[in-house]
Amino acid sequence: MFTLISAALAIIVGFALLIWSADKFVLGASNTARSFSISPLIVGVVIVGLGTSAPEMLVSAMAAFAGKTGLSVGNAIGSNITNVGLMLGLTALFYPLQIHSKLLKREMPALLLISLFTYFLVSDLYLSFFNGIILLSMMFAMLAFTIWEAKNHDKDNLSQEILDELPEQVSKKVALKWLIIGIVVLIISSRILVWGAVEIAQYYHVSDLIIGLTIVAIGTSLPELATTIAAARKKEFDLAVGNIIGSNIFNLLGVMALPGIINPGTVDNAVITRDFPVMIALTLTLIVFSIAWRKGQTGRLGRVEGAVLLSAYIAYMLWLFVA
């Protein structure tokens with residue numbers, strides 16, 4: 001019982017420190033980049049985008065180092081399912097979202113194609129070092145393409161909203177301080193979280209994959225929830241949805257790549273038969289909801305659409321529980 005309490009506390013403390021350190025990392029990294037005269041738009045797309053996915057990437061890396069490939073893979077796929085089903089569904093229930101951005105409508109099909117390609121890569125139930133290199137290379141290519149797209153669509157809503165959400169400016173000395181502290185605490189907190197998650201899994205005789213799909217995925221997705229709700233409250237609808245799309249792309253290309261590179265291994269069959277299909281189905285549903293079906297209209301995620309996404313997520317959680 002003492003071990004169980006310690007593991008639960010480790011998860012709670014790990015999540016809290018992970019979210020705090022990710023925020024400080026973005027503050028330090030974005031201001032450090034600014035001090036080197038890097039374009040604010042590039043800072044917004046790359047650093048702020050990577051910052052919200054930093055918890056998933058660090059937890060995945062630590063789990064891979066510990067030989068827990070299932071936890072790493074579950075975290076990546078579970079975070080994507082959580083982002084669309086829980087985070088966007090919950091946000092749309094309270095703040096109906098209108099989608100105007102042409103940039104965003106191009107990223108959604110890209111997410112679907114990346115999801116299908118990643119599914120193909122691991123369909124042989126093995127995540128190899130070569131698979132990891134392919135995914136990581138695609139992530140850098142996607143970053144470069146996203147920056148080019150943002151620069152060439154100056155009048156696009158999403159580009160302006162990204163600029164509006166940059167962290168406050170601080171001095172170079174303060175920026176470097178928060179950058180270092182953010183990185184160190186990210187590493188420590190992710191290690192604490194992985195230890196707690198593994199202990200819980202062993203205590204209840206639950207697979208690392210299930211823990212990654214549920215507890216860890218929800219916890220590491222909390223920064224996305226905070227960013228999405230904050231953007232929706234300010235009526236920055238494209239940013240609210242764009243944050244989720246960008247994070248899901250990072251999760252598939254960056255987070256999924258790490259276990260392959262660090263500790264190649266087998267993938268549970270349930271990932272192919274259950275989890276990937278659910279993730280792809282939710283992505284398709286989001287795309288359908290975001291299409292303007294009549295000329296002159298905008299895509300919309302209203303309360304009905306939010307309820308559908310949230311219901312699908314709850315049904316998936318019940319499926320995992322029953323299984």
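The values are calculated or read from the model by the stated rules, or taken from the named source; none is laboratory data. Just so it is clear, the model here is predicted, and its values are computed rather than measured. Note that each Cβ is placed from the backbone with ideal geometry, even for glycine, and that neighbours are counted across all protein chains shown.
Considering every residue within region 101-112, establish whether at least one is within 21 Å of I280 (Cα to Cα), among the small types (G, A, S) and buried (at least 22 other Cβ atoms within 10 Å of the Cβ). No: zero hits. Scanning region 203-228 for residues that are in contact with a helix residue (DSSP H, G or I) (Cβ under 7 Å, 6 or more places away or on another chain), assigned to a loop (DSSP other than H, G, I, E, B) and over 15 Å from T91 (Cα atoms) turns up just one, S207. Criterion applied to G254, G260, G246 was being closer than 30 Å to F130 by Cα, at pLDDT below 85 and either not in a helix (DSSP H, G or I) or not β-branched (V, I, T) (or both), and the one residue passing it is G246. In this structure, is L282 out of contact with any Ser or Thr (no Cβ under 7 Å at 6 or more places or on another chain) and closer than 19 Å to E107 by Cα? It is true that L282 is out of contact with any Ser or Thr (no Cβ under 7 Å at 6 or more places or on another chain) and closer than 19 Å to E107 by Cα.
Applying the condition of being in contact with a Gly (Cβ under 9 Å, 6 or more places away or on another chain) and of a type outside the set (G, A, S) to region 21-47 and asking which residue is modelled with the lowest pLDDT yields V45.
Cβ separations smaller than 6 Å between residues 6+ apart or across chains give the following pairs from region 44-72 residues that are basic (K, R) to residues that are modelled with pLDDT of 80 or more and buried (at least 24 other Cβ atoms within 10 Å of the Cβ): K68/D208. Would you be able to say whether some residue in region 223-239 is touching a Ser or Thr at 6+ places or on another chain (Cβ under 7 Å), of a type in the set (A, V, I, L, M, F, W, C), buried (at least 20 other Cβ atoms within 10 Å of the Cβ) and modelled with pLDDT of 80 or more? Scanning region 223-239, I find no residue that is touching a Ser or Thr at 6+ places or on another chain (Cβ under 7 Å), of a type in the set (A, V, I, L, M, F, W, C), buried (at least 20 other Cβ atoms within 10 Å of the Cβ) and modelled with pLDDT of 80 or more, so the answer is no. Look through G89, G14 and report the one residue that is at pLDDT 85 or above and more than 25 Å from K172 (Cβ to Cβ). From the options G89, G14, the qualifying one is G89. When G182, G132, G212, G196 are checked against the criterion of being buried (at least 21 other Cβ atoms within 10 Å of the Cβ) and at pLDDT below 85, a single residue qualifies: G182.
So for region 53-65 (the condition being part of a loop (DSSP other than H, G, I, E, B) and in contact with a helix residue (DSSP H, G or I) (Cβ under 9 Å, 6 or more places away or on another chain)), does at least one residue qualify? No, region 53-65 contains no residue that is part of a loop (DSSP other than H, G, I, E, B) and in contact with a helix residue (DSSP H, G or I) (Cβ under 9 Å, 6 or more places away or on another chain).
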